[in-house]
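Written out below as structure tokens is the structure these notes cover.
The values are calculated or read from the model by the stated rules, or taken from the named source; none is laboratory data. Remember, it's a predicted structure, so these values are computed and weren't measured experimentally. Because the Cβ atoms are built from the backbone with ideal geometry, glycine has one as well, and the counts that use them run over all protein chains shown. Each accessible area value is taken on the protein alone, full model and side chains, heavy atoms only, with ligands, DNA and RNA left out. Shrake-Rupley method; radii C 1.70, N 1.55, O 1.52, S 1.80 Å.
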Amino acid sequence: EAGVVQSPRYKIIEKKQPVAFWCNPISGHNTLYWYLQNLGQGPELLIRYENEEAVDDSQLPKDRFSAERLKGVDSTLKIQPAELGDSAVYLCASSLVGSGDYPYNEQFFGPGTRLTVL
Amino acid sequence: KNQVEQSPQSLIILEGKNCTLQCNYTVSPFSNLRWYKQDTGRGPVSLTIMTFSENTKSNGRYTATLDADTKQSSLHITASQLSDSASYICVVRMSRSNYGGSQGNLIFGKGTKLSVKP
């Protein structure tokens, strides 16, 4: 079974340009997460979807970042316009969230997209 | 403030040696604690998950311990191999009940960067 798929793996753009990342979660996973990871740091949650609904986007910089999850499967994360400080790895993760607390909710991560803004 | 602190920040050991990574947390209410391994250029991969009632859990050469009273966890790697070179991230999940099920927030540590040298 395929894991979480992300594309592109690497992206280099100039500042003020737009950029988009794509994520295909594990089949059947109802919850999808976008994280930002700076070098030497742990991932930081940007947005969490449960099916099609964004249930936690409190950390998403909404002036330049947007995300969507059409039909509750694939998701895209967009930055427009990109700034130098946006250079980071953008991780997508998915999980199967049920009514229980454990063992559900384990998140499976994709390989990430490394963004470099020049 | 909910925080996860890891030590050391980085560690270099010789192949075949053992090592122990530390994780202290101040997260409440606590649901479970996970250790992830993140290879360079890859997404994090789960090694172990422990609830408050579990004191130790092994996954091959990896053994995690949890002391819920002192809010400390450790990850012990036995007979290290070159392929163990990676960042190891401690993640604590908060327990939070929402209508229709439970979904908690994940608090990530910054990770310990382990280098295993031949």
Find, among the GluC sites (Glu not before Pro) in the range A:23-80, those assigned to loop by DSSP (not H, G, I, E, B) with at most 16 other beta-carbon atoms within 10 angstrom.
A:52
Mind checking Rg over Rh on the protein assembly as shown, alpha carbons, Kirkwood formula for Rh?
0.97
Excluding residues fewer than 8 positions from residue A:62 in its own chain, the aspartates and glutamates with Cα under 15 Å of it are A:83, A:86
Take every residue in peptide A:106-118, count the Cβ atoms of other chains within 10 Å of its Cβ, and give the average of those counts.
3
Over the range B:1-107, with the other protein chains present, what is the accessible area per residue in square angstrom, probe 1.4 angstrom?
49
Counting protein heavy atoms only and a 1.4 angstrom probe, how many square angstrom of accessible surface do chains A and B bury in total, to the nearest 100?
1900
Let me see the P(r) profile for chain B: every Cα-Cα distance counted, bins of 5 Å, each bin given as a percent of all pairs.
2, 12, 22, 24, 19, 11, 6, 3, 1, 0, 0
Place a point 7 Å from the Cα of residue A:84 along the Cα-to-Cβ direction; which residues of the range A:35-51 have their backbone N under 20 Å from it?
A:37-40
Where in the range A:11-118 are there trypsin sites (Lys or Arg not before Pro) that are in a DSSP coil and have at most 13 other Cβ atoms within 10 angstrom of their Cβ?
A:15, A:16, A:62
Short version: ³J(HN,Hα) in whole Hz for each residue of the range A:42-48, in order, from phi by Karplus 6.51 cos²θ - 1.76 cosθ + 1.60 (θ = phi - 60°), x for Gly and Pro, what are they?
x, x, 10, 5, 9, 7, 10
Report the extension gain between residue B:14 and residue B:105 in nm, rounded to one decimal, defined as 0.36 nm multiplied by the number of residues separating them, less their alpha carbon distance.
29.1 nm
Quick one: which of B:1/B:117; A:11/B:71; A:11/B:113; A:11/B:57; A:11/B:37 span more than 32 angstrom between C-alpha atoms?
B:1/B:117; A:11/B:71; A:11/B:57
Given the alpha-carbon gyration tensor of chain A, what are the semi-axes of its equivalent ellipsoid in whole angstrom, ordered largest first, with each equal to the square root of 5 times an eigenvalue?
24, 14, 13
